[in-house]
Amino acid sequence: MLKDITLGQYFPGDTVVHRLDPRTKLLLVIVYIVALFQAGGWVGYALVLAATVAAMALGRIRPKNIYNGLKPMLLIIALTAVLNIFYTNGTPVRPGWPITWEGIARAVQMVLRIVLLITGTFLLTYTTSPMALTDGLEKLLNPLKKLHVPVHEMTMMMSMALRFIPTLIEETDKIMSAQKARGADFETGNLVERAKALLPILVPLFVSAFRRADELAVAMESRCYHGGEGRTRMKQMSMERRDAVALTLGALLLIAVIALRHFGL
Amino acid sequence: MPEIRVEDLSHTYSEGTPFEKTAIEHISVTVPHGQLVAVLGHTGSGKSTFIQHLNALLQPTGGKVYVDGKDINADKFSRRDVKSQVGLVFQYPEYQLFEETVYQDIAFGPKNQKLSEQEIDERVREAAAFVGVDEALFNESPLELSGGQKRRVAIAGVIAMRPGVLILDEPTAGLDPAGCRQILDNILNYREKTGSTVLLVSHSMDDAARLADRLLVFDKGTLAMDGTPEQVFSEPEKLIAIGLNVPQAAAIAMELRRRGLSLPGAIYTHEQLKAAILAERGRRTC
Ligand SMILES: Nc1ncnc2c1ncn2[C@@H]1O[C@H](COP(=O)(O)OP(=O)(O)OP(=O)(O)O)[C@@H](O)[C@H]1O
Ligand SMILES: [Mg+2]
């Protein structure tokens, strides 16, 4: 079922990670990504890996969910591994073999890097509701408003897009079911036939997307929406002690990784 | 001719995620050929989930479904083939119309059955006639029809496949009384002419009482009651406990009985009520 795609889907929960301020989490993800790309040696990678596992445990995210999210990327990951194994110069594993020790090491590191990168961003979206995420983003980007960047409008569009992804997936599912019930066949037949069978789905999907957009606009207008100016929030964000702790830990991770890199570890 | 047999059917949505939700549990039921079955139940009781198993749109997470003695989930080919035997009309089917013209939309099913042009044409005209869609509309865009007309075109699209079993999920939802009556008459007409089995998901106890041979009452994902209208409506307390109504006539009969009129037990249509009251009056005046 399409619905079982967990890509970036929010899993409601009540853990420390869930309760962190979205701004903290956004900043932490940025710090995390920088740290990941700064990691130079095995110790550095191990440190980032340990931080990831700890965050997963704190947020009660099951490895299975991460794995489901990684599934669509498996091909890219495998390709990266293969290319690195075969195209890195160095000492061959056995004389005459095209595989080198350096290649294997690099392949492992590259795979680790991709997997950790995806896992880190998933940790953010798994533990933060789309609304909180875009609100946090808006607050973080607030200074840009001085430069007349339409921050509110941009984050509003983003939160609507995020909000409607599940709805559209559900809608697609429904339309596919209705057409399957009338004998449309998405499972047997060759690739061209199957791709052709997908075409008739697009028409009702677009029709309903436009209908929804129209309805949403009317609903927003009738509630006097007029952009971000002077708008207040029901849920005020506030930085707590746990946010300070989390940010400090993030900074420490980054410093440690950079320091280790200097020692070639 | 198809008989539907459901054995210990359960379905859990999104199994293994935090969104896990068991929609139906341990449903066993056999629908012989030609019955008109009303599927009743509170909103969220699992009616739609149940009927989507009957043509393999949903695969059971437990139990089996047999049509004509064959396990419809045996492989992807039997999952495909069962769809011409068991026709399913969804809730609000009009949102799923997509072809450029009404004719093409009705022809979508037969085309997928790989019939010849001539046969397709025959089926489209026949199906349109069953639901009262005028041939003058054939070249219109289905998106420009009225709600009631769209609904009929969508039903015709399923009837055109000539399924031996026709399942309709709340075919009258959101229509005015005249529209409801017409759609129901169309369905009865189809059943009479073809002898098909019909399963009708409905919120209207009066329609169920008037039309069905048999009622399946769902409650929180289980099959709470299964029997003829007479059997089911003879236990009004049970229906009310589930949160459902009894048909108007049954409610009036209950109230009259409470006020001291002695009426027979099985009253659930207006005709029966009228007859019973007249009989009672006859008895009193004599
Ligand atoms: N695609 C789905 N994913 C997850 N849960 C679902 C899905 N479809 C239905 N459910 C849940 O399963 C339960 C049964 O739903 P179902 O649609 O079968 O009820 P219903 O009896 O048809 O209700 P209604 O009368 O409102 O149409 C509900 O609690 C619903 O929330
Ligand atoms: Mg339903």
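The values are calculated or read from the model by the stated rules, or taken from the named source; none is laboratory data. None of these values were measured; they are calculated from a predicted model. Cβ: placed from backbone, ideal geometry, glycine included. Neighbour counts: every protein chain shown. Please note that ligands, DNA and RNA were not included when accessible areas were found on the heavy atoms of the full protein model with its side chains. Shrake-Rupley method; radii C 1.70, N 1.55, O 1.52, S 1.80 Å.
Taking 37 °C and 0.692 mPa s as conditions, region B:113-168 diffuses translationally at an estimated 279 µm²/s according to Stokes-Einstein applied to its Kirkwood radius (Cα pairs).
Think of chain A as a dipole: +1 on every Lys or Arg Cβ, -1 on every Asp or Glu Cβ, centred on the Cα centre; then among A:Thr80, A:Ala39, A:Pro98, A:Ala39 lies furthest on the positive end. With both residues required to sit in the protein assembly as shown, DSSP beta bridges show an antiparallel share near 55%. What translational diffusion coefficient, in µm²/s and rounded to a whole number, does the Stokes-Einstein relation yield for region A:1-102 at 4 °C and a viscosity of 1.567 mPa s, taking the hydrodynamic radius as the Kirkwood radius over Cα pairs? Answer, rounded: 77 µm²/s.
The phi-based Karplus calculation (6.51 cos²θ - 1.76 cosθ + 1.60; θ = phi - 60°) puts the 3J(HN,Hα) values of region B:175-183 at 9, 6, x, 5, x, 4, 4, 4, 4 Hz, whole numbers, x for Gly and Pro. Run the count for region A:2-262, please: Lys pairs, Cα-Cα under 15 angstrom, 8 or more apart or on different chains. Value for region A:2-262: 5.
Across q = 0.16, 0.20 Å⁻¹, region A:122-226 modelled as identical point scatterers on its alpha-carbon atoms has Debye log10 I(q)/I(0) values of -0.88, -1.06, in the order of the q list. A cut-off of 5 Å between modelled amide H atoms, ignoring neighbours fewer than 5 places along the same chain, links B:Gly62 with B:Ser10.
When only Cα pairs below 8 angstrom with a gap of at least 6 residues are kept, region A:118-265 shows a relative contact order of 17 percent. Just the number, please: percent antiparallel of the DSSP beta bridges in region B:4-229, rounded to the nearest 5. Expressed as a percentage, antiparallel bridges in region B:4-229 total about 50. So what does the Cα-only Debye profile of the protein assembly as shown read at q = 0.06, 0.10 Å⁻¹, as log10 I(q)/I(0), no solvent term? Summing over Cα pairs of the protein assembly as shown leads to -0.46, -1.01.
Residue by residue, region A:257-263 carries 3J(HN,Hα) couplings of 5, 5, 4, 4, 4, 4, 8 Hz when phi is fed to the Karplus relation 6.51 cos²θ - 1.76 cosθ + 1.60 (θ = phi - 60°); x denotes Gly or Pro. Using only Cα atoms, find the angle between the long axis of helix B:147-159 and the longest principal axis of chain B, and express it within 0 to 90 degrees, rounded to the nearest 10. Rounded to the nearest ten degrees, it is 70.
Take the Cα coordinates of region A:24-83, assign each an equal point scatterer, and use the Debye formula without solvent to give log10 I(q)/I(0) at q = 0.14, 0.15, 0.20 Å⁻¹. Normalising to I(0) and taking log10 leaves -0.52, -0.60, -1.04.
For the options A:Thr52, A:Thr248, A:Thr119, a Gaussian network treatment of chain A with springs between C-alpha atoms closer than 10 Å singles out A:Thr248 as fluctuating the most. Taking the square roots of 5 times each eigenvalue of the Cα gyration tensor of region B:4-229, largest first, gives ellipsoid semi-axes of 28, 20, 17 Å. Taking the charge dipole of the protein assembly as shown about its Cα centre, with +1 at Lys and Arg Cβ atoms and -1 at Asp and Glu Cβ atoms, the residue from B:Ala209, A:Thr248, B:Ser262 reaching farthest to the positive side is A:Thr248.
With N the number of residues in region B:11-101, Rg(Cα) / (2.2 N^0.38 Å) evaluates to 1.20. Accessible surface area normalised per residue over region A:2-262 is 60 Å², counting heavy atoms of protein chains with a 1.4 Å rolling probe. Calculated on the Cα set of region A:44-151, radius of gyration then Dmax: 19.3, 63 Å. Label sites at B:Glu117 and A:Val16, each approximated as a point 7 angstrom past Cα along Cα to Cβ, lie 7.3 nm apart. Normalising the average separation of contacting C-alpha pairs (under 8 angstrom, six or more residues apart) by the number of residues puts the relative contact order of region B:247-286 at 41 percent. Per residue of B:90-96, other chain Cβ atoms within 10 Å of the residue Cβ number 5 on average.
All Cα-Cα separations within region B:115-273 were binned at 10 Å from zero, giving a P(r) of 9, 33, 29, 18, 9, 2, 0, each value a whole percent of the pairs. Please go through region B:1-110 and write out the GluC sites (Glu not before Pro) that DSSP classes as loop and that have at most 13 other C-beta atoms within 10 Å. Qualifying residues, ordered by number: B:Glu15, B:Glu20, B:Glu100. The largest-to-smallest principal axis extents of the Cα set in region A:2-262 are 71, 57, 36 Å. Check which residues have an amide H placed less than 5 Å from B:Arg214's amide H, if you skip close sequence neighbours. Residues meeting the criterion, in which the H sits 1.01 Å from N, are B:Leu36, B:Ala38. Couplings 3J(HN,Hα) of region A:209-222, computed from phi: 5, 5, 4, 5, 4, 4, 4, 5, 4, 4, 4, 5, 5, 6 Hz, in residue order, whole Hz [Karplus 6.51 cos²θ - 1.76 cosθ + 1.60, θ = phi - 60°; x for Gly and Pro]. Exposed loop sites were defined as trypsin sites (Lys or Arg not before Pro) in DSSP loop states (anything but H, G, I, E or B) carrying at most 12 other C-beta atoms within 10 Å; in chain B the longest segment without such a site runs B:115-258.
Backbone amide hydrogens, once placed in the peptide plane, bring B:Asp219 within less than 5 Å of B:Ala224, excluding anything fewer than 5 places away on its chain.
Its Cα centre serving as origin, region A:160-245 has a Cβ charge dipole (Lys and Arg +1, Asp and Glu -1) of approximately 240 debye. The mean sequence distance of close C-alpha pairs (under 8 Å, at least 6 residues apart), as a share of the length of chain A, puts its relative contact order at 34 percent. When the Cα positions of B:Phe138, B:Gly157, A:Leu112 are compared along the charge dipole of the protein assembly as shown, A:Leu112 comes out farthest toward the positive end, with charges on each C-beta of Lys, Arg, Asp and Glu. Give, to the nearest whole percent, the P(r) tail of region B:247-286 beyond 17 angstrom, counting all Cα pairs. Percent of Cα pairs beyond 17 Å in region B:247-286: 19.
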